[in-house]
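To start, the structure under review is shown below, and the notes come after it.
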Amino acid sequence: MIWVMSLGTALAEFRQFEMTIEEVEIEVAPGFKSKVWAYNGQVPGPLLHVKEGDEVEVTLINNTTLNHTIHWHGTFQTGTWQMDGVPNITQKAVEPGESFVYRFTADKPGSLWYHCHVNVPEHVALRGMWGAMIVDPKEPTALEKEVTKEAVLMFTGWNSDVAMTYGKGGHPSEKMDYFSINGRSFPFTQPLKVKEGDVLRLRLFGAGMTVAFHLHGHDMLVTHKDGLPLDSPYWADVIDVPSGARIDAIVRMNNPGLWINHDHIDHHVSNSGKAPGGAVMIVEYEGVEKPDWYVWKDKSYEPDFYMSESLKKAYGLHDIESFKGQQEQPAGRKKKKRKKPASAE
């Protein structure tokens, strides 16, 4: 549902969405699966794409066996602190079978995200409870207007020792042994296909770990931090992304080839010590011939793996099929009857 409201000379819209939380299993890397609590049954959760100033309403329905919330990380929540999604501070956690309605203004532009705020060390760091929220600014910069392709990369780690058991993990001494981009480890990530002359915007999210992101063959112009444009953009070939932070970079695609991109924290590019793996992807220029020995020569291509296609669509909530997990209904378990949604009103 969309309602149009006048905000001075700008138009804001009322955008109404529904999200569930499901217990599903995803295959992160060859031979490694993990149980997750997944918004709309997928990791990352669905892309939310709105405009600065829009009024957003999200009804969250908890179809899992434990309590959860949504924290809208980066949103100021001006006048709506009750919508911040922190259990026992801004709201009661949403119990199994119950729901909650979040209503707020998208009052900060840029690369934002959302995640659960119940037992964050497990739910966020290990169980995939996060997704991207892109808020287009009312006044984009001149460089933003040049962008021809966008890519969202959300980085996190996994612990294979507890992966198949809900309620375990998240301790300070925990050893992460798998690392991923958008919930998948190389070679289960996807190529990012570009054309010579593209102006690429990379939106880098430290969803569950710190990152040192490196793109071969190009320097990157770091333009935004945590959603907002920098007063002094800077060039880098390795970009540090703190846990929880978002860094945006612009790359002029002027060097055709097949180029690896990876986290430069060395153990982050392995699958339980087996390299190459982990937080690795490849930029493929259109028209560059792929040798027979190229690792992804015959790879089945999923063009929306970096949310590039969804970001071209109309504003709204966008599920991405390749992020979906496999849902299992434990024997004897019945979902509770859904109650009337709660809210702070």
Fill in: Residue with peak Gaussian network fluctuation, the chain [Cα springs, cutoff 10 Å], from 24, 288, 124
288
Fill in: When each of 175/274; 51/195; 51/145; 108/312 is checked by Cα-Cα distance, pairs over 18 Å
51/195; 108/312
Worksheet, complete the sentence: For the chain, averaging the sequence separation of alpha carbon pairs under 8 Å that lie six or more residues apart and dividing by its residue count, the contact order in percent is 20
Practice prompt. Report the label-to-label distance for residue 147 and residue 290 in nanometres (one decimal), using points 7 Å from each Cα along the Cα→Cβ vector.
Written response: 2.7
Item to complete: Please list the non-local residues whose amide H lies under 5 Å from the amide H of residue 223, H modeled 1.01 Å from N, same-chain partners needing a gap of 5 or more.
Response: 248, 249, 250
Worksheet item: Roughly how many nanometres apart are two label points built 7 Å out from the Cα toward the Cβ at residue 225 and residue 59?
Response: 4.1
Fill in: Surrounding net charge for residue 284, when Lys and Arg each add one and Asp and Glu each subtract one, Cβ distance under 14 Å
0
Worksheet item: Considering only the chain, what is the antiparallel percent among its DSSP beta bridges, to the nearest 5?
Response: 75
Discussion item. Give me the percent relative contact order of segment 143-304, please, defined on Cα pairs under 8 angstrom at least 6 residues apart.
Written reply: 27
Item to complete: Work from the charge dipole of segment 170-211 (Cβ charges, +1 for Lys and Arg, -1 for Asp and Glu, about the Cα centre) and give the residue of 199, 211, 179 farthest towards its positive end.
Response: 199
Item to complete: Would you kindly state how much longer the chain becomes between residue 274 and residue 299 on full extension, computed as 0.36 nm times their sequence separation minus their alpha carbon distance, in nm to one decimal?
Response: 7.0 nm
Worksheet item: How many percent of DSSP beta bridges within segment 14-139 run antiparallel, rounded to 5?
Response: 65
Worksheet item: Beyond 31 Å, what share of the Cα-Cα pairs of the chain remains, rounded to the nearest whole percent?
Response: 32
Worksheet item: Out of 112, 234, 67, whose Cα points farthest toward the positive end of the dipole of the chain (charges: +1 Lys, Arg; -1 Asp, Glu; placed on Cβ)?
Response: 67
Discussion item. Please compute the modelled spin-label separation between residue 165 and residue 319, points set 7 Å along Cα→Cβ, answer in nm with one decimal.
Written reply: 3.2
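Every read-out reported here was derived from the displayed coordinates using simple, explicitly stated rules and does not represent laboratory data. The model shown is predicted, which means the values in this text are computed figures rather than measured ones. All Cβ positions, glycine included, derive from the backbone under ideal geometry; neighbour counts span all protein chains shown.
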